[in-house]
Amino acid sequence: MSAAATTKETLGFQAEVKQLLQLMIHSLYSNKEIFLRELISNASDAADKLRFEALSDASVYGTDAEFRIRVSFDQAARTLTVSDNGVGMSRDEVIANIGTIAKSGTREFFQALTGDQAKDAHLIGQFGVGFYSSFIVADRVTLVTRRAGLAASDAVRWESDGGGDYSIEAVEKEDRGTEVTLHLREGEDELLDDFRLRTLIRKYSDHIAIPIRMQKRVWDEEKKEYKLTGEDETVNQANALWARPKSEISDEQYQEFYKHVAHDFETPLAWTHNKVEGRHEYTQLLYLPAHAPFDLWDRTHRHGIKLYVRRVFIMDDAEQLLPAYLRFVRGVVDSSDLPLNVSREILQQSKDIEAIRSGCTKRILALLEDLAQKQAEQYSTLWKEFGPVLKEGVGEDHANKEKIAGLLRFSSTHTDSEEQGVSFADYLARMKPGQEKIYYVTADSFLAARNSPHLEVFRKKGIEVLLLAERVDEWLVSNLAEFEGKPLASVARGDLDLGTLGNEEEKKEQEKQAGEYKDLTDKIKGALGEQVKEVRVTLRLTASPACLVSDQYDMGGNLARILKAAGQKVPASKPIMEINPGHPLVQRLKYEETHFADWSQVLFDQALLAEGGQLEDPAGFVKRLNQLLLALAGGGAKIWTPGS
């Protein structure tokens, strides 16, 4: 053995790893047996990765091309070992994969922790536990690994007690792969029982397509106990679960396979399993998770489902198999048509992949429709987690736009609740006789939408309005002009046109008031100058003195603010200011002379604030308002201060 092989180095864990290890021990102890599922899943992934590497270089197999996972225990030493002959790891890979968490969403995960063990266990499940779950049952973990293709002397031994650091050193290892040895904590003796380990393997890992082996045991009639023979036997079924007939797979097996393929702690909401035959042949097993992963909004991170070709693993994040708005879906697709040496570049250009993508998309949308119609509570759970992502689909998937639109849920003035439970179908069923449009308002928060002055006449007439308060909603309405023949109309854009819901008397009254107040609107326009395109009288308002609306073909104020916040250029446009002639402030303004410009500016600023806008000169607004209040109180410009 070389001198380098005897050198041991002690390194510190990344701060996030330390925190996660403590959470493992204290929050997941009630479900401690999942550690074995996680270690076996890692071993299975290691075999898949080596199988994929061998497609371009078969020499990585050496003389050992049969994959296996082995579980063994030593009662005297109180150790449990899980070993595999997969791809293994180099020294750098050990440090990168175990010493740090190179995972998007890490900061958000730790910020979300509450200190409540039950809630934190749930969050840990969403984040993924993996190798670190070993420390739930072990007070020391030893890992020995050798990367496929490296020399025996390049193997690595890693060890830690789950504290602040770990040791790493070079060792000799005859064969490739990884061996994880758990030095069990006091009180974990049940994990040194052959029957108990077999039960756990069959419960959590029966679906693993690689043989999981343990020492064979036989019944000793004389001693009335089982004894080990020294030979190994396969404990699991060791075939691809998705390749088995649906009638042979229980719900529990489907759920455990999901936890393996998605590395999720929770059971899925629903799944679909189908074999497609004909021009294109493939099998799909796709799941809808119950909770969003922490990297859902990281569009640079690859999301996808595992791709297999004739049972051979190809990649675990084949994002080409589903559109981006379905990136939360997990599962596997096994194709009979693709070549084994398929690359990401080939996937982007393959007609077979286009057909698979189309088939998977339609299957998931059908599953979502079925869930929405038959299990409304389950669908509500899914919508809370993935609703904003599904909304992206309206602009991204024109072929399925109508189907996606039917799946959308919103808040509305029907309930005034922030919970998004109103579908377009619900809205249409409640439309007033003669109503021709689906009305909506957009804002940067639910409260801003619910309290928008633009809703006043709609509330007065009992016309329902959808309350859209998510950033993606602006993208949604710009890509969805109508639903089932009914156009979508913003209540804050263009002239107020209620169609047959309007009242001829009201229209005549508005025309009359427009004439009576023309001098006032012109005077306000003169005072505000280039801040507004026009000032006009409206019947849109019943309680507010003024509001701002966009011209029919101009960009709305909310969308303009979103684009500016994102650093994008926004086309120059001015709002239209509408005034309520019945409001006392407007009536007073008609006869104001001294402070007319100040009152006009205050009305404009208030209208801007009411729609969620930001003032360019907040200090100027405050000063102006204070001066007007003093003038109304008869104090002129004098400001009283204590002691004066």
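The values are calculated or read from the model by the stated rules, or taken from the named source; none is laboratory data. Note that the structure is a prediction, hence the values are computed from the model and not measured. So basically every Cβ, Gly included, is an ideal-geometry build from the backbone, and we count neighbours across all protein chains shown. Please note that ligands, DNA and RNA were not included when accessible areas were found on the heavy atoms of the full protein model with its side chains. Shrake-Rupley method; radii C 1.70, N 1.55, O 1.52, S 1.80 Å.
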Inset, instruction - Name the residue, out of THR229, THR283, that is closer than 16 Å to ARG363 by Cβ and not in a loop (DSSP other than H, G, I, E, B). - result: THR283
Inset, instruction - Residue by residue through the stretch 234-249, note down the ones that are open to solvent by 50 Å² or more (accessible area, probe 1.4 Å) and modelled with pLDDT of 90 or more. - result: THR234, PRO245, LYS246, SER247, GLU248
Inset, instruction - Considering only residues that are more than 30 Å from LYS227 (Cβ to Cβ) and of a type in the set (A, V, I, L, M), look in the stretch 60-81 and name the one that is surrounded by the most Cβ atoms within 10 Å (Cβ to Cβ). - result: VAL60
Legend entry - Hits in the stretch 141-155 (condition: in a strand (DSSP E or B) and either farther than 10 Å from GLY88 by Cα or modelled with pLDDT under 95 (or both)): VAL141, THR142, LEU143
Legend entry - Candidates ARG213, ARG279, filtered to the one that is basic (Lys, Arg), more than 28 Å from the chain's Cα centre (by Cα) and closer than 26 Å to LEU39 by Cα: ARG213
Legend entry - Considering residues of the stretch 14-42 that are outside any loop (DSSP other than H, G, I, E, B) and farther than 15 Å from PHE131 by Cβ only, the residue modelled with the lowest pLDDT: TYR29
Inset, instruction - Under 7 Å between Cβ atoms, at least 6 apart or on separate chains: pull out the pairs that start in the stretch 517-545 with a residue that is closer than 12 Å to ILE576 by Cβ and at pLDDT below 90 and end on any residue that is part of a helix (DSSP H, G or I) and charged (D, E, K, R). - result: ARG540/GLU456
Inset, instruction - State which residue pairs qualify: first residue touching a residue at least 12 places away in the same chain (Cβ under 8 Å) and inside the stretch 315-332, second residue surrounded by fewer than 22 Cβ atoms within 10 Å (Cβ to Cβ) and assigned to a strand (DSSP E or B) in any location, beta carbons under 9 Å apart, and separation of 6 or more residues or different chains. - result: GLY331/TRP271; GLY331/THR272; GLY331/HIS273; VAL332/THR283
Legend entry - Close pairs (8 angstrom Cβ cut-off, 6 or more residues apart or separate chains): closer than 25 Å to LYS512 by Cα in the stretch 571-598, open to solvent by 50 Å² or more (accessible area, probe 1.4 Å) and of a type in the set (Asp, Glu) anywhere: ILE576/GLU534; ILE576/ASP551; MET577/GLU534; PRO581/GLU516
Inset, instruction - Select from the stretch 411-447 the residues that are touching a helix residue (DSSP H, G or I) at 6+ places or on another chain (Cβ under 8 Å) and hydrophobic (A, V, I, L, M, F, W, C) and write down the one among them that is most open to solvent (accessible area, probe 1.4 Å). - result: ALA425
Legend entry - GLY635, sole failed condition from (1) modelled with pLDDT of 85 or more; (2) surrounded by fewer than 16 Cβ atoms within 10 Å (Cβ to Cβ): (1)
Inset, instruction - Filter the stretch 207-216 down to residues that are under 18 Å from THR81 (Cα atoms) and open to solvent by 20 Å² or more (accessible area, probe 1.4 Å), then give me how many there are. - result: 4
Legend entry - Every residue from the stretch 170-206 that is open to solvent by 40 Å² or more (accessible area, probe 1.4 Å), farther than 30 Å from VAL309 by Cβ and assigned to a loop (DSSP other than H, G, I, E, B): GLU172, GLU174, ARG185, GLU186, GLY187, ASP193
Inset, instruction - Using the structure shown, decide if PRO268 is free of Cβ contacts under 8 Å to residues at least 40 places away in the same chain and either open to solvent by 30 Å² or more (accessible area, probe 1.4 Å) or out of contact with any Gly (no Cβ under 7 Å at 6 or more places or on another chain) (or both). - result: no
Inset, instruction - Six or more apart or on different chains, Cβ under 6 Å: which pairs go from a residue in the stretch 390-401 that's farther than 10 Å from LEU480 by Cβ to one that's among the aromatic types (Phe, Trp, Tyr) and surrounded by fewer than 20 Cβ atoms within 10 Å (Cβ to Cβ)? Could you list them? - result: none
Inset, instruction - Check TYR204, TYR226 and return the single one that is under 23 Å from ALA47 (Cβ atoms) and aromatic (Phe, Trp, Tyr). - result: TYR204
Inset, instruction - Could you figure out which of (1) modelled with pLDDT of 80 or more; (2) open to solvent by 30 Å² or more (accessible area, probe 1.4 Å) isn't true of ARG311? - result: (1)
Legend entry - Hits in the stretch 569-584 - residues which are surrounded by fewer than 17 Cβ atoms within 10 Å (Cβ to Cβ) and either in contact with a strand residue (DSSP E or B) (Cβ under 9 Å, 6 or more places away or on another chain) or at pLDDT 90 or above (or both): SER573, LYS574, PRO584
Inset, instruction - Just one of (1) in contact (Cβ under 8 Å) with a residue 40 or more places away in the chain; (2) under 21 Å from the mean Cα position of the chain (by Cα); (3) surrounded by fewer than 19 Cβ atoms within 10 Å (Cβ to Cβ) trips up GLY359, so point out which. - result: (2)
Inset, instruction - Having 3 or more residues that are closer than 18 Å to PHE424 by Cα is the bar; report the helices (runs of 4 or more DSSP H) wholly within the stretch 441-515 that clear it. - result: 471-479
Inset, instruction - Output the residue which, of all residues in the stretch 617-636 that are part of a helix (DSSP H, G or I) and of a type outside the set (A, V, I, L, M, F, W, C), is farthest from the chain's Cα centre (by Cα). - result: GLN627
Legend entry - Within the stretch 364-392, considering residues that are in contact with a Ser or Thr (Cβ under 9 Å, 6 or more places away or on another chain) and surrounded by 18 or more Cβ atoms within 10 Å (Cβ to Cβ), the one farthest from VAL422 (Cα to Cα): ILE364
Inset, instruction - Only residues that are touching a strand residue (DSSP E or B) at 6+ places or on another chain (Cβ under 7 Å) and open to solvent by 20 Å² or more (accessible area, probe 1.4 Å): list them for the stretch 393-410, please. - result: ARG409
Inset, instruction - Look through ALA372, ALA355, ALA376 and report the one residue that is in contact with a His (Cβ under 7 Å, 6 or more places away or on another chain) and more than 19 Å from ALA469 (Cα to Cα). - result: ALA355
Inset, instruction - Read through the list (1) more than 29 Å from the chain's Cα centre (by Cα); (2) surrounded by 14 or more Cβ atoms within 10 Å (Cβ to Cβ); (3) at negative phi, then give the number of the only condition that VAL472 fails. - result: (1)
Inset, instruction - Considering each of ASP116, ASP57, ASP84 in turn, give the residue that is over 26 Å from GLY163 (Cβ atoms), modelled with pLDDT under 90, among the acidic types (Asp, Glu) and open to solvent by 10 Å² or more (accessible area, probe 1.4 Å). - result: ASP57
